[in-house]
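S.K.: After the structure tokens below, expect a handful of questions from me.
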Amino acid sequence: MIPIDDSPIVRDGKSLILAMDHGLEHGPVDFEDVPEKLDPSTVFETATHDAVTAMAVQKGVAEGYYPSFEDDVNLLLKLNGTSNLWMGEPDSPVNCSVDYAAELGADAVGFTVYSGSNNEVEMYEEFRDAQENAREHDLPMVMWSYPRGQGLKNDTKPSTISYATRLALEIGADIAKVKYPGSPEAMEHACKAAGDMNVVMSGGSKTSDYEFLSTVEDAIDAGCTGLAVGRNVWQREDPTQLLDALERVIYEEETADAALEA
Ligand code: FBP
């Protein structure tokens, strides 16, 4: 872990990462209800909101669309990713080098690790190479820390999520992105397990404004330093309205009720 408070992807110690790598991870199905969002420019436009500290995308999308937004959006380049067509044990092939991410103008890099998968050994070795290379470029490493595999029946149980944050600290992440473990107490323990490393909550599938903001409020109260979210923002008809509310909950530490009333 390196100090990242001065990184552009951190604002007042917090981060709101807008993720849009779903076209690879899930396929175009995630855009069915919002077909206009198939055009990556529309989501980059959303990421120009002040609340968003970085946009997480894959290499091809960065190559094609980031140049038009580089003055207004910070880039978090995902270095690996897998399609939903893969039927084997969880794995996430590396498709971009840190050097190339830096060339594309990345402010940070992102890497998925499925601890517990039969592919853990190779994934840890690939993470090591990326993490050490990221240090050479002074790029924070955001780890999608997702324990997953045939031995893990429930990937959001409290002990799994606190293991996910702790192992991210141990292997050199700067921010761990983890799923919500179901209660504020469990999230608090997961944040404590990470020591001084930043922990952000993963968004998940779309829920109501209130439900989503309340979970974010709980996560911030529990010690999370923000959010890495995709569908809950860009699948909405008016993402800006939700980002206004998220700005209040994350940076001003207001309640979900207060943020929605504003
Ligand atoms: P969401 O907020 O839409 O869940 O996006 C966060 C994210 O980590 C994306 O970066 C990624 O595409 C997706 O979730 C992967 O989720 P899963 O592996 O659970 O299908």
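S.K.: For the stretch 92-224, what class follows from the C-alpha gyration tensor (a ≥ b ≥ c being the square roots of its eigenvalues): rounded when a/c is under 1.5, otherwise prolate if a/b is larger than b/c, else oblate?
M.R.: prolate
S.K.: Highest mean first, what order results for 141-148, 53-60, 218-225 on Cβ atoms within 10 Å?
M.R.: 141-148, 53-60, 218-225
S.K.: Quick one: Cα centre-to-centre distance for the stretch 83-131 and the stretch 1-42, in angstrom?
M.R.: The stretch 83-131 and the stretch 1-42 have Cα centres separated by 17 Å.
S.K.: Relative contact order of the chain, please, whole-number percent, based on alpha carbon pairs below 8 angstrom and at least 6 residues apart.
M.R.: Dividing the mean separation by the residue count of the chain yields 17 percent.
S.K.: Here's something else I'd like to know. Which one of Leu242, Leu38, His26 is farthest out on the positive end of the charge dipole of the chain, using unit charges on Cβ (Lys, Arg +1; Asp, Glu -1) and the Cα centre as origin?
M.R.: Positive-most Cα among the choices belongs to His26.
S.K.: First check a/c for the stretch 1-152, with a ≥ b ≥ c the square roots of the eigenvalues of its C-alpha gyration tensor; if it is under 1.5, answer rounded, and if not, answer prolate when a/b is larger than b/c or oblate otherwise.
M.R.: Here the stretch 1-152 falls in the oblate category.
S.K.: What part of the accessible area of the stretch 15-261, given as a whole %, is carbon or sulfur when the probe is 1.4 angstrom?
M.R.: 45
S.K.: I'd like to check one number: the per residue accessible area of the chain, probe 1.4 Å, reported in Å² as a whole number.
M.R.: Roughly 44 Å² per residue, with all protein chains present.
S.K.: Rounding to the nearest 20 debye, state how big the charge dipole of the stretch 15-261 is about its Cα centre with +1 on each Lys and Arg Cβ and -1 on each Asp and Glu Cβ.
M.R.: Rounded to the nearest 20 debye, it is 920 debye.
S.K.: When a/c reaches 1.5 or more, the comparison of a/b and b/c decides; with that in mind, is the chain rounded, prolate or oblate per its Cα gyration tensor?
M.R.: Rounded is the answer for the chain, as its axis ratio a/c remains below 1.5.
S.K.: Show me 71-83, 183-195 ranked by packing, highest mean number of other Cβ atoms within 10 Å first. Could the numbers behind the result be given before it?
M.R.: Values: 71-83: 20.8, 183-195: 19.2.
Highest mean packing first, the order is 71-83, 183-195.
S.K.: Hey, how many Å between the Cα centroid of the stretch 138-169 and the Cα centroid of the stretch 180-236?
M.R.: Spelled out, the Cα-based centre of one part sits 14 Å from the other.
S.K.: Here's something else I'd like to know. Between Asp71 and Glu253, what length in nm is gained on full extension when 0.36 nm per residue of separation is reduced by their alpha carbon distance?
M.R.: Working: separation 182, 0.36 × 182 = 65.52 nm, distance 2.77 nm.
Fully extending the segment from Asp71 to Glu253 adds 62.7 nm.
S.K.: Would you calculate a helix-derived [θ] at 222 nm for the chain, using -39,500 (n - 2.57) for each DSSP H run of n ≥ 4 and dividing by the full residue count, to the nearest 500?
M.R.: Using -39500 (n - 2.57) per qualifying helix, the result is -11000 deg cm²/dmol.
S.K.: I've got another one for you. Just order 34-44, 150-160 by mean Cβ neighbour count inside 10 Å, highest at the front, would you?
M.R.: The packing order, highest mean first, is 34-44, 150-160.
The values are calculated or read from the model by the stated rules, or taken from the named source; none is laboratory data. Predicted model, so just to flag it, every value in this text is computed and none were measured. We place every Cβ from the backbone using ideal geometry, glycine too, and count neighbours over all the protein chains shown. For accessibility, only protein heavy atoms count, side chains too; no ligands or nucleic acids. Shrake-Rupley method; radii C 1.70, N 1.55, O 1.52, S 1.80 Å.
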